[in-house]
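This report concerns only the one structure given below.
The values are calculated or read from the model by the stated rules, or taken from the named source; none is laboratory data. Please read all numbers here as calculations on a predicted model, not as lab measurements. So basically every Cβ, Gly included, is an ideal-geometry build from the backbone, and we count neighbours across all protein chains shown.
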Amino acid sequence: MKKFCLVITALLVISSMVLSACAPAATPVAPAAPTTAPVIEATTAPVAPTTAPVVETTTAPVAPTTATMVEATTAPVAVKTVRVCVSWNEQIHSLIKAWEDYMQTYGTTSGLKNGVMFEWIINVANSDAVQQANNIQDCINQKVDVIVARAEDSGTIGASIATAKAANIPFITLDRVAAASSPQPTAHVGEDSYKQALSTATAFAKLLKEKGVQGKCIEFEGDLLDMNAVFRHQAWAEVEKSEAAWTTVATVPTQWKPELFYSGGLNALQAHPEANCIYTASDFTFSSIENALQAVDKLAPTGDPKHVWVAADDLHPQGYAAMVKKYIDVGTTFEVYDQAVLLVDVLTKIALGQPVDASNLVSGRLATPDMVETMSHLYARDYTD
């Protein structure tokens, strides 16, 4: 019996061992936890870096790409090309070159700000009114957008104005207005010549009175086909009457021709040795007057006993040089730069379909030898005749 119990016990022990040996086949579930965790780390962790570069790569180029496209497409849309025909009556004097330079330079900067690009078509008539009419007709045939003309003849320019208007082309006169009896332009740009001469004559009367001089003056009159000359003569005569500071003893008709300034001036000086003052409607050819004065031994600066008192309009290069030398005592400037700026402003308004004034005038500034070298925007310092 005792042996039987030992056998039973041994069998139980053996069964228990067998069962223990078989147990691992039923317990592989345990590794599932570590297996799952690495899967999550391996698939989730790369997601963030993969997504971030995608955002940076696709978003960053968007801004520059869009900006470039806007600049390329907007600029051409905003700019309107305007073909401007400029008809000069002549191009002998630096005045024309200065006007041309100023209007083109200002036209570029101002035009772009306003969405306008000016294309300039320039012709010169060589002081021939018939040639100027032909030049303007050529521009009309080219179907330009606007015509600008400095008239050789204030009367005959009216026919060109009428022809341009019939072709629906705006017409601007520069510096020289059309005669009142002629067809009138779309707009006029220039200087108020009457006020200019009034300024000069008034200051001259004051100067003569201060110096205790009763003037006996020679007047150099401009070309009466140019209304500027008419207005300046008118202002000079009015101040002579109102101030009684001088008497005009001789009037020299110059037609704006240098040779007539000299020959007519010399004849007047010889015929009137008592003359102690001069008024010239323009100083663009003042060297001609200097030569006439020198011929009668009267060319001398202020302060010299032989000095002839001189009032002159414009302050063109020759006039500027004469004022610096104190041959000219007083004058009122011809504002070339300001006129060019005003012209471009009027052209811009026309290009944009905006209304413009019929008359657009600038005013000159009084100049004397004491201040002339420090005045701003004097084209005569940069250009010479």
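Being of a type in the set (S, T, N, Q), modelled with pLDDT of 95 or more, surrounded by fewer than 22 Cβ atoms within 10 Å (Cβ to Cβ) and over 18 Å from residue 177 (Cα atoms): is that true of residue 333 here? So residue 333 does not fit the description; no. Taking the stretch 180-195 as the range and being part of a loop (DSSP other than H, G, I, E, B) and among the small types (Gly, Ala, Ser) as the test, the residues that pass are 180, 181, 182. Scan the stretch 177-189 residue by residue and report those that are closer than 13 Å to residue 226 by Cα and crowded, with 23+ Cβ neighbours inside 10 Å. Matches in the stretch 177-189: 177, 178.
For residue 98, the conditions (1) small (Gly, Ala, Ser); (2) assigned to a helix (DSSP H, G or I); (3) surrounded by fewer than 16 Cβ atoms within 10 Å (Cβ to Cβ) all hold with the exception of (3).
The conditions of being part of a loop (DSSP other than H, G, I, E, B), aromatic (Phe, Trp, Tyr) and crowded, with 21+ Cβ neighbours inside 10 Å are met by residue 327. Restricting to the stretch 148-166, name every residue that is more than 16 Å from residue 225 (Cα to Cα) and either outside any helix (DSSP H, G or I) or outside the structural domain of residue 87 (by TED's automatic domain parsing) (or both). If the condition is that a residue be more than 16 Å from residue 225 (Cα to Cα) and either outside any helix (DSSP H, G or I) or outside the structural domain of residue 87 (by TED's automatic domain parsing) (or both), then 148 is the only one that fits. Of the numbered criteria (1) touching a helix residue (DSSP H, G or I) at 6+ places or on another chain (Cβ under 7 Å); (2) assigned to a helix (DSSP H, G or I); (3) crowded, with 23+ Cβ neighbours inside 10 Å, the one residue 219 fails is (2). Cβ-Cβ contacts under 8 Å between residues 6 or more apart (or on different chains), taken from a first residue in the stretch 133-149 that is in contact (Cβ under 8 Å) with a residue 12 or more places away in the chain to a second residue that is of a type in the set (D, E, K, R) and surrounded by fewer than 20 Cβ atoms within 10 Å (Cβ to Cβ), are listed as 142/83; 144/83; 145/83; 146/83.
Being crowded, with 18+ Cβ neighbours inside 10 Å and under 19 Å from residue 98 (Cα atoms) is a condition met by at least one residue of the stretch 347-360.
For the stretch 300-324, enumerate the residues that are in a loop (DSSP other than H, G, I, E, B) and surrounded by 24 or more Cβ atoms within 10 Å (Cβ to Cβ). Hits for the stretch 300-324 are 315, 316.
For residue 339, the conditions (1) among the polar types (S, T, N, Q); (2) in contact with an Asp or Glu (Cβ under 8 Å, 6 or more places away or on another chain); (3) part of a helix (DSSP H, G or I); (4) closer than 30 Å to residue 267 by Cα are fulfilled apart from (4).
In this structure, does residue 140 turn out to be farther than 17 Å from residue 361 by Cβ, outside the structural domain of residue 281 (by TED's automatic domain parsing), in a helix (DSSP H, G or I) and out of contact with any helix residue (DSSP H, G or I) (no Cβ under 8 Å at 6 or more places or on another chain)? The answer is no for residue 140. For the stretch 193-209, a residue qualifies if it is more than 18 Å from residue 329 (Cα to Cα) and surrounded by 19 or more Cβ atoms within 10 Å (Cβ to Cβ), and exactly one does: 193. Screening residue 170 on (1) more than 29 Å from the chain's Cα centre (by Cα); (2) farther than 23 Å from residue 130 by Cβ shows it passes everything except condition (1). State yes or no: is residue 177 more than 21 Å from residue 252 (Cβ to Cβ) and in a strand (DSSP E or B)? So residue 177 fails the test.
If the condition is being of a type in the set (Gly, Ala, Ser) and in a helix (DSSP H, G or I), then the stretch 242-299 contributes 242, 263, 264, 265, 268, 271, 287, 288, 292, 295.
Listed conditions (1) buried (at least 17 other Cβ atoms within 10 Å of the Cβ); (2) more than 17 Å from residue 339 (Cβ to Cβ) are all met by residue 150, apart from (2).
Okay, residues lined up against (1) buried (at least 17 other Cβ atoms within 10 Å of the Cβ); (2) farther than 29 Å from residue 319 by Cβ:
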| residue | (1), (2) |
| --- | --- |
| 94 | yes, no |
| 103 | yes, no |
| 116 | yes, yes |
| 128 | no, no |
| 141 | no, yes |
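Looking across the stretch 75-91 at every residue that is more than 23 Å from residue 168 (Cβ to Cβ) and in contact (Cβ under 8 Å) with a residue 40 or more places away in the chain, the one that is surrounded by the most Cβ atoms within 10 Å (Cβ to Cβ) is identified as 89.
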